[in-house]
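Structure record follows, encoded as structure tokens.
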Amino acid sequence: MSLPIPATVMNELESAARAAASRAYAPYSRFRVGAAVLGASGKIYSGCNVENASYGLAICGERNAVFSAVNGGERAITAVVIYTPTQTVTAPCGACRQGIREFGPDARIVSICDGEDRIDTTLAALLPGSFGPENLK
Ligand code: THU
């Protein structure tokens with residue numbers, strides 16, 4: 001089980017996710033996503049979705065944030081916050097759930113938006129019975 005994350009840290013993650021969404025490159029879908037990841041070190045990393053004229057190459061904000069954390073030296077993540085400038089929340093897509101799973105099987109997952117809607121759950125709840133690095137041992 002994961003340790004509780006202080007409200008001050010959750011607020012910082014929310015701010016980082018909002019800021020990341022403002023940097024999204026989404027000229028094709030016009031759907032902006034910002035994500036922030038809390039590394040085990042306590043550092044915060046963010047990512048936005050980046051689309052491409054070759055549509056299938058789009059990368060989600062969540063995976064960009066996870067990859068940024070890994071590039072920052074993290075090997076474990078404890079929380080992910082996802083922000084979309086919409087009235088309803090966005091849960092991470094299937095690919096991103098698996099991407100988060102690699103480093104944060106017990107991570108807390110929070111989705112926020114411009115409306116009252118909010119998701120506050122765990123990766124394990126979003127991806128039960130998951131495949132991970134342990135399976136390859
Ligand atoms: N997208 C994300 O960044 N995260 C999600 O969880 C769902 C989808 C992006 C991919 C694409 O750039 C746009 O949103 C529309 O699918």
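The values are calculated or read from the model by the stated rules, or taken from the named source; none is laboratory data. It should be emphasised that the depicted structure is a prediction, and the values quoted were computed from it without experimental measurement. Ideal geometry is used to build each Cβ from the backbone, glycine not excepted, and the neighbour counts take in all protein chains shown. These area figures cover heavy atoms from the full protein model, side chains too; ligands, DNA and RNA do not enter into them. Shrake-Rupley method; radii C 1.70, N 1.55, O 1.52, S 1.80 Å.
Please work out if G104 is at pLDDT 95 or above, within 20 Å of I44 (Cβ to Cβ) and part of a helix (DSSP H, G or I).
no
Hey, can you tell me all the residues within the stretch 1-25 that are touching a strand residue (DSSP E or B) at 6+ places or on another chain (Cβ under 8 Å) and assigned to a loop (DSSP other than H, G, I, E, B)?
Correct list: S2, L3, I5, S22, R23, A24.
Any residue in the stretch 14-30 that is open to solvent by less than 30 Å² (accessible area, probe 1.4 Å), within 8 Å of the ligand (Cβ to nearest atom) and closer than 19 Å to L126 by Cβ?
The answer is no, given that none of the residues of the stretch 14-30 is open to solvent by less than 30 Å² (accessible area, probe 1.4 Å), within 8 Å of the ligand (Cβ to nearest atom) and closer than 19 Å to L126 by Cβ.
Could you check the stretch 87-137 and list, in sequence order, the residues that are among the charged types (D, E, K, R) and over 20 Å from E74 (Cα atoms)?
Answer for the stretch 87-137, where residues must be among the charged types (D, E, K, R) and over 20 Å from E74 (Cα atoms): D114, E116, D117, R118, D120, K137.
Which residues, counting only those in the stretch 37-68, are within 16 Å of the ligand (Cβ to nearest atom) and closer than 12 Å to A107 by Cβ?
In the first step, residues of the stretch 37-68 are kept if they are within 16 Å of the ligand (Cβ to nearest atom); the result is 37, 45-68.
If the condition is that a residue be within 16 Å of the ligand (Cβ to nearest atom) and closer than 12 Å to A107 by Cβ, then V37, E62, A65, V66 are the ones that fit.
For the stretch 96-126, how many residues are open to solvent by less than 10 Å² (accessible area, probe 1.4 Å) and within 18 Å of P6 (Cα to Cα)?
Result for the stretch 96-126: 6.
Can you tell me which residues in the stretch 69-87 are out of contact with any Cys (no Cβ under 6 Å at 6 or more places or on another chain) and either within 14 Å of the ligand (Cβ to nearest atom) or assigned to a loop (DSSP other than H, G, I, E, B) (or both)?
Residues satisfying the conditions are G72, G73, E74, R75, A76, V80, V81, I82, Y83, P85, Q87.
Filter the stretch 40-68 down to residues that are part of a strand (DSSP E or B), among the aliphatic types (A, V, I, L, M) and buried (at least 19 other Cβ atoms within 10 Å of the Cβ), then give me how many there are. Spell out the reasoning first.
To start, the set of residues in the stretch 40-68 that are part of a strand (DSSP E or B) comprises 44-48, 50, 59.
After this cut, where a residue has to be among the aliphatic types (A, V, I, L, M) as well, the list is 44, 50, 59.
If we keep only those that are buried (at least 19 other Cβ atoms within 10 Å of the Cβ) too, we end up with 44.
The qualifying residues number 1.
Which residues, counting only those in the stretch 26-36, are more than 13 Å from V110 (Cα to Cα), in contact with a strand residue (DSSP E or B) (Cβ under 9 Å, 6 or more places away or on another chain) and of a type in the set (G, A, S)?
Across the stretch 26-36, the qualifying residue is only A26.
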